Amino acid sequence: MIGAGIVGITTAAYLRRDGHDVTVVTMHPPGEYCSFGNAGMLNPSSCVPQAMPGVLAKVPGYLSDPLGPLTIRPSYLVKALPWFVRFVLNAKERQVEHAADALRALIKPPVECYEDLARRAACSDLVRRSPYLVAYESEQGFRADARAWNLRRERGVETQEVDAARIRELVPQLAPIYVRGRLVPDQGYVANPERLTKALAAQLEKDGGTILKRKVLDIELGEGGVKALRTDAGRVPVETLIVCGGVHSGELSAMLGERVPLEAERGYHVTYSDPGLQLPMPVSLSDAKLFVTPMEMGVRIAGQAEFAGIYAEPNYQRAEVLERHMKRMFPGVHSADKTQWMGRRPSTPDSLPVIGPSAQQANVYYAFGHGHIGLCAGAPTGRLIADLVAGRKPGIDLAPYRVDRF
Ligand SMILES: Cc1cc2nc3c(=O)[nH]c(=O)nc-3n(C[C@H](O)[C@H](O)[C@H](O)COP(=O)(O)OP(=O)(O)OC[C@H]3O[C@@H](n4cnc5c(N)ncnc54)[C@H](O)[C@@H]3O)c2cc1C
């Protein structure tokens, strides 16, 4: 396998459970790439694709707003243009319905999957059942989100509309500027995504799996598919290969003869280690596309989508934007002790991951491209891959996630 992010490690855990010999090759230690710093949300309600009808009209507003959720580095615009064109083409009603169905099917059971894996890895404290609150500063913002909430409702997601008074009861330290909201029950979150991935990786090794810290430079092909990985520390023979390389999976699939449009949708977080807040549940601002989540190491605000390619240096002004949101949301937050971070979401233009067999190589499976929902969909993806490798019928139709759909 390639990759020790949350997708790779949960996939490895399920494969090992089935009795396979599992070797994970990773260039970063487990949980130290994109899976390090996400918002921790396990929200089966997040079945709304990124490309929604009207998205193109919103882009100028996002780009010109200094507190907006989107930035595109001018030097990267031309490179990203083909991906953006595909993204916009996916914002059509039919495709949106299709993507919402496929996302909902994939992420229906995330909390249960993680509770089960975490119990075995002795880190049950990290997986917490909780509702979350989505808050709106204006009636107009609330109404503008109606289509997204309808998509969720039509797929069985139950929510409660809440007014300003109820918002204050639910999250008393939130600034009294929010007039409408939605409470989403039956969700969950992970109180430290890095520690969860590391604990599952340690359990994998205890259970007999192997983790090799190496970079895959090339993939050796032969009759019947992949023969070996060529790494910076020698050759690793392969019987069956699972590609869970996060944002680098496009480079890896190209080595296997399959082109996948994958972009680095770079997000940021700020974690406050002594925030002086008692946050009873995660809070999201839909307009700003961010989450504030209670973590075991404090409180984290996470969001932003920056298009600058995989390899550009972080621009921590984007994290400062999150800090400004945080001060507006929680004016009493103590900000003396905080850390900033940038991570690369592996994003496809249709908001759906690639899950399933290669169309080119007989012994290869893909599990990547989870964009905004890689934690939530990581363990469910791992279960599906284990089913495929074992020859069991997967619990859902995998056609929407096929690698050759692009
Ligand atoms: C700010 C932010 C907030 C987010 N919030 C949430 C959230 O609340 N809920 C949610 O579900 N998702 C969230 N996400 C998305 C989620 O974090 C990602 O989708 C997920 O971490 C992707 O996991 P992964 O295992 O695919 O990739 P990664 O964690 O990036 O792991 C990729 C692995 O592949 C390895 N690799 C790649 N190429 C090679 C190579 N050539 N050789 C060897 N190893 C290689 C890397 O070393 C690494 O181990 C958020 C993301 C960001 C940035």
Where a residue in segment 290-304 is closer than 17 Å to ALA336 by Cα and surrounded by fewer than 24 Cβ atoms within 10 Å (Cβ to Cβ) and its partner, wherever it lies, is modelled with pLDDT under 95 and not hydrophobic (A, V, I, L, M, F, W, C), with Cβ under 9 Å and at least six apart: none
Leading residue by the ranking (farthest from HIS98 (Cα to Cα)) among those in segment 1-36 that are in a helix (DSSP H, G or I), among the hydroxyl-bearing types (Ser, Thr, Tyr) and more than 7 Å from the ligand (Cβ to nearest atom): TYR14
Number of positions in segment 255-294 that are within 15 Å of the ligand (Cβ to nearest atom), farther than 23 Å from ASP145 by Cα and out of contact with any helix residue (DSSP H, G or I) (no Cβ under 9 Å at 6 or more places or on another chain): 5
In segment 274-287, the residues that are under 17 Å from the mean Cα position of the chain (by Cα) and not in a strand (DSSP E or B): PRO282, SER286
Matching residues, segment 206-220, being within 27 Å of ARG120 (Cβ to Cβ) and not hydrophobic (A, V, I, L, M, F, W, C): LYS206, ASP207, GLY208, GLY209, THR210, LYS213, ARG214
Count of segment 179-235 residues which are over 13 Å from PRO30 (Cα atoms), in a strand (DSSP E or B) and not polar (S, T, N, Q): 25
Any hit, segment 202-224, residues being more than 10 Å from the ligand (Cβ to nearest atom), without any contact (Cβ under 8 Å) to a residue 24 or more places away in the chain and under 24 Å from the mean Cα position of the chain (by Cα): no
Per-region count, segment 351-406, residues over 16 Å from the mean Cα position of the chain (by Cα), within 16 Å of the ligand (Cβ to nearest atom), more than 21 Å from MET255 (Cβ to Cβ) and among the aliphatic types (A, V, I, L, M): 2
Pick from segment 37-66, criterion more than 16 Å from the ligand (Cβ to nearest atom) and either part of a loop (DSSP other than H, G, I, E, B) or buried (at least 23 other Cβ atoms within 10 Å of the Cβ) (or both), ranking: nearest to the chain's Cα centre (by Cα): ALA51
Residues located in segment 229-254, provided they are surrounded by 16 or more Cβ atoms within 10 Å (Cβ to Cβ), within 23 Å of ALA308 (Cα to Cα) and near the ligand (Cβ under 9 Å from one of its atoms): CYS244, GLY245, GLY246, VAL247, HIS248, SER249, LEU252
Residue identified as crowded, with 17+ Cβ neighbours inside 10 Å and within 30 Å of LYS92 (Cα to Cα) among LEU174, LEU133: LEU133
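The values are calculated or read from the model by the stated rules, or taken from the named source; none is laboratory data. Just so we're clear, the structure is a prediction, and the values are computed from it rather than from any experiment. Heads up, the Cβs are rebuilt from the backbone with ideal geometry, glycines too, and the neighbour counts pull from every protein chain shown.
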